[in-house]
Amino acid sequence: MTAMTPPRRAAVAGESRRRRIADAFSRAASGYDGAAQLQQAVADDLLARLPQSASRRALVDIGCGTGYLVSRLVERHGGPAIGLDIAPGMLDQARRRHAGRSIHWVTGCAESLPLTAGSVDLVVSSLAVQWCDSLEDFLREAARVVAPGGWLGFTTLCEGTLAELQWAWQRVDGAVHVNEFLAESRLVETLRAPAGDRPR
Ligand SMILES: C[S@@+](CC[C@H](N)C(=O)[O-])C[C@H]1O[C@@H](n2cnc3c(N)ncnc32)[C@H](O)[C@@H]1O
């Protein structure tokens with residue numbers, strides 16, 4: 001019998017958590033758009049903050065879900081574009097919804113992107129990073145794939161989001177029903193730290 005070392009155990013736990021997240025989003029995919037008004041409003045806000053015109057070789061939307069943000073970007077700038085998500089069910093929905101657009105739909109994880117270094121000029125992600133085990137790994141991967149002079153724009157949720165829901169569930173059964181989100185101060189600290197020196 002081989003003893004598992006702690007890093008190996010952590011990797012297996014991370015893998016099984018990611019599989020559960022992917023399965024849950026795949027199962028929810030067919031009804032996702034009907035209940036995604038908040039997600040679309042957040043994506044619209046991100047769109048408004050991104051450069052309006054850019055000469056780009058390619059862009060990627062990480063955790064693209066059913067493809068709302070990446071398709072809006074293709075409308076604005078043209079293709080080619082990549083919509084990447086960990087949940088195949090979400091990508092099936094995206095493929096159907098945006099058939100005919102020059103978007104490649106790729107199954108993959110934000111923390112280990114299946115993309116070549118320096119291959120995209122715009123990396124976007126909306127409301128997906130909070131599902132990652134490590135913000136640092138997401139940032140490292142985004143920095144690896146973006147070309148010099150390129151852009152990264154992302155939105156995420158911070159501590160305090162859905163606090164009312166959490167409070168209400170606490171009174172129902174005392175269990176945790178809402179993700180634990182990063183404190184805003186920790187997010188800012190991580191973004192400000194030089195890449196090799198980020199807090200973990
Ligand atoms: C709340 S949805 C947001 C989807 C879309 N960006 C939007 O704004 O409607 C979160 C998405 O992130 C994806 N996701 C979660 N963890 C991921 C990971 N580690 N890598 C890539 N995608 C991930 C989920 O499958 C899901 O489609």
Query raised in the report: Using beta carbons and a limit of 7 Å, which pairs, at least six apart or on different chains, have the first residue in the range 75-91 and in the same structural domain as Val124 (by TED's automatic domain parsing) and part of a helix (DSSP H, G or I) and the second one within 8 Å of the ligand (Cβ to nearest atom) and of a type in the set (D, E, K, R)?
Result: Leu91/Asp85
Query raised in the report: If Arg27 satisfies every condition in (1) in contact with a strand residue (DSSP E or B) (Cβ under 9 Å, 6 or more places away or on another chain); (2) surrounded by fewer than 16 Cβ atoms within 10 Å (Cβ to Cβ) but one, which is the exception?
Result: (1)
Requested in this report: Give the range 109-167 a look and list any residue that's assigned to a helix (DSSP H, G or I) and polar (S, T, N, Q), or say none.
Outcome: Gln130, Gln166
Requested in this report: Kindly indicate the residue of the range 43-72 that is basic (Lys, Arg) and either crowded, with 16+ Cβ neighbours inside 10 Å or out of contact with any Gly (no Cβ under 7 Å at 6 or more places or on another chain) (or both) and also modelled with the lowest pLDDT among those meeting that condition.
Outcome: Arg56
**Report entry** Answer from Ala81, Ala99 - the residue that is surrounded by fewer than 16 Cβ atoms within 10 Å (Cβ to Cβ), of a type in the set (A, V, I, L, M) and more than 8 Å from the ligand (Cβ to nearest atom)
**Finding:** Ala99
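The values are calculated or read from the model by the stated rules, or taken from the named source; none is laboratory data. What you see is a predicted model, and the numbers here were worked out from it, not measured in a lab. As a convention, Cβ positions derive from the backbone with ideal geometry for all residues, glycine included, and neighbour counts pool all protein chains shown.
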